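First the structure, in the form of structure tokens, and then the observations on it.
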Ligand SMILES: [Zn+2]
């Protein structure tokens with residue numbers, strides 16, 4: 001079923017696990033992600049950004065399909081606009097049936113971030129749609145962002161931001177960055193800051209730039225109070241490697257087989273990731289066999 005993100009993340013926050021948010025740019029990816037979640041009895045977030053919708057995930061085509069797939073599923077699924085950059089994109093997403101929108105005004109001055117975020121919260125909440133915003137700034141790995149603490153989320157400012165905007169989830173900057181890190185580089189996350197943020201806010205926190213952070217960092221982040229992990233580069237990479245191997249093993253294999261290989265690889269990757277962050281088996285009845293026979 002299709003639900004808003006507040007529902008998913010409040011449960012994750014209460015029970016101490018994280019939900020994957022996978023940037024899904026075509027039918028095969030969305031289907032792989034939703035099937036993986038269903039097989040793991042896990043909630044999941046299907047998301048896409050403005051640039052991805054402009055390039056491949058054309059919203060007129062893909063959104064009705066994803067919404068139908070989500071409605072049919074036996075686990076809760078959220079459809080999230082990732083990094084909404086402007087008013088038009090946010091309103092368009094609300095009209096199109098996204099059940100959560102992220103407003104990213106994190107590169108603007110603080111008061112402007114508050115003002116824009118508050119406005120989107122007013123619009124979205126009126127329609128039962130939840131809102132994620134970002135404070136501090138998660139930059140681009142390719143630019144070397146995340147290596148200095150200049151842009152990290154400030155705890156006192158975060159308390160003020162949440163109180164004044166009414167957001168449902170906060171993306172925090174604690175040392176990760178978007179995209180691919182240089183080969184061999186593993187980001188160092190500020191777990192002390194995460195602990196302070198969680199203690200002060202007690203609300204769902206979001207980690208962007210999760211790809212390439214390494215399993216140890218991800219597990220520690222979830223234990224420290226992260227409830228949503230954005231995954232884009234790592235999911236693409238799982239498909240890219242599988243397609244390349246398929247082509248090398250069977251040169252001349254056809255489009256159908258390549259696409260099926262990509263879908264299967266993403267599904268496997270998502271299932272493993274779900275188990276790593278502990279959202280598996282959250283929606284399953286297990287009847288204990290007490291040996292009684294009627
Ligand atoms: Zn992001």
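Summary of values
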{"item": "Theoretical ellipticity at 222 nm over the chain - DSSP helices of four or more residues, -39500 (n - 2.57) apiece, nearest 500", "result": "-15500 deg cm²/dmol"}
{"item": "Sorted peptide list for 234-240, 22-28, criterion being average Cβ within 10 angstrom, highest first", "result": "22-28, 234-240"}
{"item": "Estimated translational D of the stretch 106-205 in µm²/s (Stokes, Kirkwood radius over Cα pairs; 4 °C; 1.567 mPa s)", "result": "91"}
{"item": "Cα pair distances in the chain, grouped into 5 Å bins until the bin that holds the longest one, percent each", "result": "1, 6, 12, 16, 19, 17, 13, 8, 4, 2, 1, 1, 0, 0"}
{"item": "Contour minus Cα-Cα distance for residue 199 and residue 249 (0.36 nm per residue)", "result": "12.9 nm"}
{"item": "Cα Rg over Rh - the stretch 164-294, Kirkwood", "result": "1.11"}
{"item": "Alpha-carbon centroid distance for the pair the stretch 113-191 / the stretch 50-83, whole angstrom", "result": "22"}
{"item": "Peptides ranked, highest mean first, by Cβ atoms within 10 Å: ranges 41-49, 247-255", "result": "41-49, 247-255"}
{"item": "Rg/Rh ratio calculated on Cα atoms of the stretch 12-159 (Kirkwood radius)", "result": "0.98"}
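No lab work stands behind these numbers, since they all come straight from the coordinates. Keep in mind that what you see is a predicted model, and the values were worked out from it rather than measured. Heads up, the Cβs are rebuilt from the backbone with ideal geometry, glycines too, and the neighbour counts pull from every protein chain shown.
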